[in-house]
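For reference, the structure is listed below as C-alpha cells.
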C-alpha cells in the first residue's frame, strides 16, 4: 500500500463508511417484511404515526404488545416515517442502516484512538463484512441500535480511562442509557463490561472513577421515560409479564448451563472467515508486548459475550454487540503483527482462508439448497453461484500472492473486498428470494381489495404480525375450529386467511359463497385468502372461540 503513510483518520473513516454504506443500502426496501419480530416494531411505529400513542404504542389495539421493549427504537422509526404518513419498507430499514453505519464509525474511532489509522480502517472493513452483523443491518429490529450504543459506550469508557473528564463520563452513561432505552436491561451489560474492565485493569480503586452514584442517578432518570408510562398504563401486566416473565426469564429460564454454553461458539461461526485471523491473534497475544487498550477491549468483549451467553433464550442477533469487539481485536492483530513475529500466524490464517475460499467456490458448483428460513440467504441461480465462485477464486489467488509477499494489511483488505463483493451480489438477489418465498404483499393486496378499510380480517387459528403491515385492516384471530365453522356457515362479508390444509378441513361445512380468492406459499406453508367476489364489505364479526 504505497500511499499508506498518507492515510488520515478522516480518510479512513470516509473509506470505511462509504464501503459500508454501499453494502448496507443495496437490499433496503427491496424485500417484504417477513418476520413477526420485525413486523411488531413496524406496527408499534405505525400506531404512533397514525394515533399518536408515543408513550404506550399498541399492536392490534392491545397495550400489552408495546410493553415488552422500551420505546426508543419505535420513536426513531416513527420519526423517520412521519413525513410519509406511514411506515414503509424503506423507513422501516433506515434506523438500522444508520445504526449499522454508526457502529462502523465507532470501531474506526476506537481503533484509531488505541492503535493507528490502519487498524481503524481494517476494523471498519472487518465489521462491515462480518456475516453475523451485516445480515441484520437492514432489519427493523432494535438490536443494531443496541449494538451501536454499547460500542460508543466502550469508546467513552476508554476516553474516561485516559482523560478522566466529566464529559467522557457523561458520554459513557448517556450511551449506556441509550442502549437500555433501545432494548431494556440488556443495555446495562455495557455498564457491567465497564465494571469488569476497570476492576481488572485499574483495580478496585479505579471503580471510583466511574462515579457509580452519578451513573445510577442518570440511568434512573432515563429509565423513567420508559418505565413510568408503562407502569401507569398497565401496572400488573408490566410487572408480571414483562419484568418477571420477560426480563427475569432472560437469566432464569429452565435451560441449564450446558444449553447456554452450547450456543456461545456460534459467534465464531458467524464471524467467519475473520475467525481464522482471530485464532491467530489469540496465539500472538501470548508473545506480543502488553497493550492496555487491547486488554480492555478483550475484557469488555468477553464480558458481553459471557452475559449474553447466560441468557436462557438463544437468538443469533443477541450476539451482535460482541462482533465490534472481535473486529477491533482482529484489526489490531493484522495491523500490528505484520511488522513483527506474528507474521507466521498471519500466513497460517491466510492459508486457511485460501482453502476455505476454494472450498466455497467448489460448493457453489453443487446444486445444494438448505431448507427452512436459511434458504433465502443461499444463492440458487446458476449465474449467481458462478459469480460468487469466481469472486472466491480470485480472492484466494490474491490472498495467496500477497501473503507470500507478507503484505498482510493488503491481505485483509483483499479479503474484505471479496466478502463485500459477495455481499453486494446477495444484496441484489436475496431480497428477490424473500419476495418469492414470503409473498405476503401479494396475498395482502388481494385481501384488502375485498375488505373495506374499517372491515375486519380473520386469521384462523392465528395470523403473524407481518400480515398486519400489509393488510392495514383490523385483524382478529379465531383459535378454535368450531368458531371458524360458525363464521363460515354464513354468507361472507369479509375475508378469512388460513393455511390451505385448514381450509380443506372446514371447506365442506362452509356456506357455498365462500371460495379461495388467492393462494401463495409463504415460507413452508401454503396460505389461502377465503371470501367471495362482489360480496358486501363491512365489519366482519368474529365468532367467539
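Here are a few things to note about the model shown:
- Only one of the listed residues (335, 289) is at pLDDT below 95 and not in a helix (DSSP H, G or I). That residue is 289.
- Filtering region 9-27 to residues that are crowded, with 18+ Cβ neighbours inside 10 Å and closer than 19 Å to residue 132 by Cβ leaves 16, 19, 20, 23, 24, 27.
- Cβ-Cβ distances below 7 Å connect no pair with a first residue in region 495-512 that is touching a residue at least 60 places away in the same chain (Cβ under 8 Å), a second residue that is surrounded by 18 or more Cβ atoms within 10 Å (Cβ to Cβ), and a separation of six or more residues or different chains.
- Single residue of region 186-243 satisfying the filter (in contact with a helix residue (DSSP H, G or I) (Cβ under 8 Å, 6 or more places away or on another chain) and not in a helix (DSSP H, G or I)) that is surrounded by the most Cβ atoms within 10 Å (Cβ to Cβ): 234
- Selection status of residue 87, part of a loop (DSSP other than H, G, I, E, B) and crowded, with 20+ Cβ neighbours inside 10 Å: yes
- Cross-chain or 6+ apart pairs with Cβ under 8 Å, region 358-370 first and at pLDDT below 85, then assigned to a helix (DSSP H, G or I) and surrounded by 10 or more Cβ atoms within 10 Å (Cβ to Cβ): 365/385; 365/389; 369/375
- Residue satisfying all of: in region 497-530; part of a loop (DSSP other than H, G, I, E, B) and over 18 Å from residue 444 (Cβ atoms); modelled with the lowest pLDDT among these: 524
- Residue in region 55-70 that is touching a strand residue (DSSP E or B) at 6+ places or on another chain (Cβ under 9 Å) and crowded, with 24+ Cβ neighbours inside 10 Å present: yes
- Wholly within region 379-496, helices (runs of 4 or more DSSP H) carrying at least 3 residues that are closer than 15 Å to residue 353 by Cα and not assigned by TED's automatic domain parsing to the domain that holds residue 515: 382-404, 408-437
- Candidate set: region 147-167, residues that are within 28 Å of the chain's Cα centre (by Cα) and surrounded by fewer than 24 Cβ atoms within 10 Å (Cβ to Cβ); chosen: the one nearest to residue 318 (Cα to Cα): 155
- Any hit, region 212-231, residues being assigned by TED's automatic domain parsing to the domain that holds residue 292 and at positive phi: no
The values are calculated or read from the model by the stated rules, or taken from the named source; none is laboratory data. None of the values given here were measured: they were computed from a predicted structure. For neighbour counting, all protein chains shown are included, and Cβ atoms are generated from backbone atoms with ideal geometry for every residue, glycine included.
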